[in-house]
1. Kirkwood hydrodynamic radius, the protein assembly as shown, all distinct C-alpha pairs: what's the number in Å?
2. Which of the pairs A:83/B:12; A:83/A:143; B:83/B:142; A:69/A:143 have their Cα atoms more than 30 Å apart in this structure?
3. Axis carrying A onto B: which residue of A has the nearest Cβ, and how far, whole Å?
4. Could you work out, for the stretch B:74-119, what percent of all Cα-Cα pairs fall into each 5 Å distance bin, beginning at 0 Å and stopping at the bin that holds the largest distance?
5. Taking a spot 7 Å from the Cα of residue A:155 along the direction of its beta carbon, which residues of the stretch B:8-37 have an amide N less than 13 Å from it?
6. Mind jotting down a quarter of the surface of the convex hull over the alpha carbons of the stretch B:49-129, in square nanometres, one decimal?
7. For the stretch A:40-125, what is the charge dipole size about the Cα centre, in debye to the nearest 20, if Lys and Arg each add +1 at the Cβ and Asp and Glu each add -1 at the Cβ?
8. So the label point sits 7 Å from Cα along the Cα-to-Cβ vector; using that for residue B:139, what distances do you get to the other copies, in nanometres, sorted shortest first?
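Read the figures in this text as sums done on the coordinates, not as results from a lab. Here the structure is a predicted model, which is why all the values come from computation and not from measurement. Note: ideal-geometry Cβ built from the backbone for every residue, glycine included; neighbour counts use all protein chains shown.
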2 protein chains.
Amino acid sequence: MGTRYDGTPEEKLALDTYIKLTRASESLEARLDRRATKHGLTVSQFGVLESLLHLGPLTQGVIGRKLLKSSGNITVVIDNLEKRGLVRRDRSTEDRRQVFVSLTPEGEELIRRIFPEHARAITDEFSALTPDEQRELGRLCKKLGLAGDSPGPDAPQNRAQRQAESR
Amino acid sequence: MGTRYDGTPEEKLALDTYIKLTRASESLEARLDRRATKHGLTVSQFGVLESLLHLGPLTQGVIGRKLLKSSGNITVVIDNLEKRGLVRRDRSTEDRRQVFVSLTPEGEELIRRIFPEHARAITDEFSALTPDEQRELGRLCKKLGLAGDSPGPDAPQNRAQRQAESR
DNA sequence: TGATATTATTTCAATGTCAAAACAATTAAC
DNA sequence: GTTAATTGTTTTGACATTGAAATAATATCA
C-alpha cells in the first residue's frame, strides 16, 4: 500500500489519507453497486429514481446538480429510464426550457421495493463503525468537502480559475 | 441535503454518513480530475502511470487490482496509453499469458513532471483538516474499508457469496 | 424593441466501465 | 501425458461520463 513518494511529511500524510478515503469510498460503492445491479439498475439510474421518490418531480438540471453529474449525462440516463417506462418527461409550461422528470407507477413501485434493501445494506456496511465514529467520519468528510466546494461538472470556470490557468 | 427517509435511527445515521463520505470523495475527485485532465490524462491513465513510476513495470492484472478496475477495463486504458506512446507492452517470457506494462521515456517524463503538482493539490485540499484529523479520517476509512474487504470487479463470486445470494 | 447574455437541454466524440464470453497459456489430476 | 480446471488478457455490448458545440427559450438592458 502507501505511495512510495518522498515529499514533505505534510504531503505524505495528505496522500496517505487521500488514498484511504478514496479506497474506502470506491470499494464501498463497488459492493453496493453490485447489489443494485442485481435489479437491473445502474448507480445513476438508482440515484435518479431515489431522488424522485423522496423529493418528487424534478427538472433535469436539479437532478444533475444533486448527483454531481453533467447535464449531458443526465439526458442519457433519463433516456434509458424513460425507455424502460420507469420515468416520464414533461416540458415545463412556465419555462419551456425545463423538463420535469417524474416517476411512473412502475418506477415508483420498483424504487419503493428496492430502496429499503439498499438502506439496509448501507447500514450493514457502516456497522463496522460505532455511532460516534460514524458521526466523526461524517463531520470530517463534511469539513473536507466544504473546503473546495465543488463547482460541479457543468459549471463554467470563473475568473479566478481562468486566471490561474493562464499563468 | 439529507435523505428524507424514515428508517430506524441506525439507518438514518448510516445513510447520512454514507452520503457525506460519498460526496466528499466525489467532489474531491472531481476537483483533482479537472487538474489532471488539463494535461490530457484521464484519472485512470494517471493512476496507471503513477503506479508504474513508483512500482516499476507491472502486469495488467496487478494494475487492475491495484486500481480496483476490471481486467477488461485495464486493457482499454493501456491501449489508449500505448497509442500515445506513454507505455509499452511486453509479453512475459516466463508466463506468456501475462503482459508487462512499463513506462516509455516519454511516459516517465510526463508523469514525473505532473505528479508533484498532483501531490501538492492533494495536500492543499487536505489542509482543511488538522494532521490529527487527517489521521483520524484515515483510520476510520480503513476500518470501514476493511469491513467488507472488497472482492474487486473481476473476482469470481465465492461460495459464501453465492450462498448469501440464494437466500 | 431589439441585440445580447444567460439558462436548460440535447447532441457528439472520446474515454471509461463492467460483465460475460472467448482465447490462450499454465497448472493440477488422473 | 492427456484431460480438466485455473489464470491472464482480449473482445463485445451496453451504459456512464465529460466537455464542447448546437439549439431553444428566457431574461436583461440600452
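1. Taking the inverse mean of 1/r over all distinct Cα pairs, the protein assembly as shown comes out at 21.8 Å.
2. As for pairs spanning more than 30 Å Cα to Cα, those are A:83/B:12; A:83/A:143; B:83/B:142.
3. Residue plus distance in Å, as requested: A:25, 2.
4. Pair shares across the bins are 5, 21, 22, 21, 18, 7, 4, 2.
5. B:27-32, B:34
6. With the hull built on Cα positions only, its mean projection is 6.1 nm².
7. The calculated dipole for the stretch A:40-125 is roughly 320 debye.
8. 1.4
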